[in-house]
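Okay, structure first, notes after.
The values are calculated or read from the model by the stated rules, or taken from the named source; none is laboratory data. This structure is a prediction, so every number in the text was calculated from the model and none was measured. Cβ sites come from the backbone with ideal geometry, for glycine too, and all protein chains shown count toward neighbours. Ligands, DNA and RNA are stripped out before the accessible areas are found, and what is left, the full protein with its side chains, is counted by its heavy atoms. Shrake-Rupley method; radii C 1.70, N 1.55, O 1.52, S 1.80 Å.
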Amino acid sequence: MGEDVGVARPSSASLAAVSVARELQQPGSGRGGLGFFQSLSVVVVEMFFSEAGARPRTWEASPSEHRKWVEVFKACDEDNKGYLSREDFKVAVVMLFGYKPSKIEADSIMSSVNPNTSGILLEEFLSIVRKKKEVQLHRNEIRHIFTAFDRHYRGYLTLEDFKKAFRQVAPKLSERTVLDVFREVDQDSDGLVSFKDFEYAMNYGQNEA
């Protein structure tokens, strides 16, 4: 999905984006010129939460969660050093999230901490955990939305699933536009949209918003 440098040639994605933007700008649509994947993200989020009845408030850690994070930090801080080493951090992630961080993740975290310290300080740890929790919750939200599309619980979405969803929340979109949306999300062009395809499109849309 990268952009070519040089002579601009309209891709199927850009053509679909133009089509979506034009149709969303029609009178009564209530939307402006949104980008292609942003449009997709907005539509599916609206679909899910209109059915759920309410949109969730911005997530914030509860006092009990915050206390738990502090307790885990202290439990993993061997010898009361005041910071977590690389191995301490791995143990903390296992305790809070149930998995052992990969070498790549651990390297990324350790390279981002204050270079003037010997490890991860408490405030840095709390910030890292908060971000990881937000990512986890966002992925769960996408999973719920995917399930709302997948009414037959097949584990994948068909073009017909997309048509039904868009007819419900964006009836002004033409079938041609919905087809363009489906083709863009169906990354391997097998006629089916997996959760991986769907998650990529949703995250791309959120990043563009």
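Go through the range 60-74 and give me each residue that's open to solvent by 70 Å² or more (accessible area, probe 1.4 Å) and either more than 16 Å from residue 124 (Cβ to Cβ) or within 22 Å of the chain's Cα centre (by Cα) (or both).
Within the range 60-74, 60, 63, 67, 68, 71 meet the criteria.
Could you check the range 143-175 and list, in sequence order, the residues that are open to solvent by 80 Å² or more (accessible area, probe 1.4 Å) and either farther than 16 Å from residue 191 by Cα or over 22 Å from the mean Cα position of the chain (by Cα) (or both)?
143, 144, 151, 152, 153, 160, 164, 167, 168, 171, 172, 175
Within the group 154, 183, 139, 143, which residue is farther than 29 Å from residue 90 by Cα, modelled with pLDDT of 85 or more, basic (Lys, Arg) and in a helix (DSSP H, G or I)?
Among 154, 183, 139, 143, only 183 is farther than 29 Å from residue 90 by Cα, modelled with pLDDT of 85 or more, basic (Lys, Arg) and in a helix (DSSP H, G or I).
Listed residues 101, 115, 27; which is open to solvent by 70 Å² or more (accessible area, probe 1.4 Å), at pLDDT 80 or above and assigned to a loop (DSSP other than H, G, I, E, B)?
Unique residue meeting the criteria: 115.
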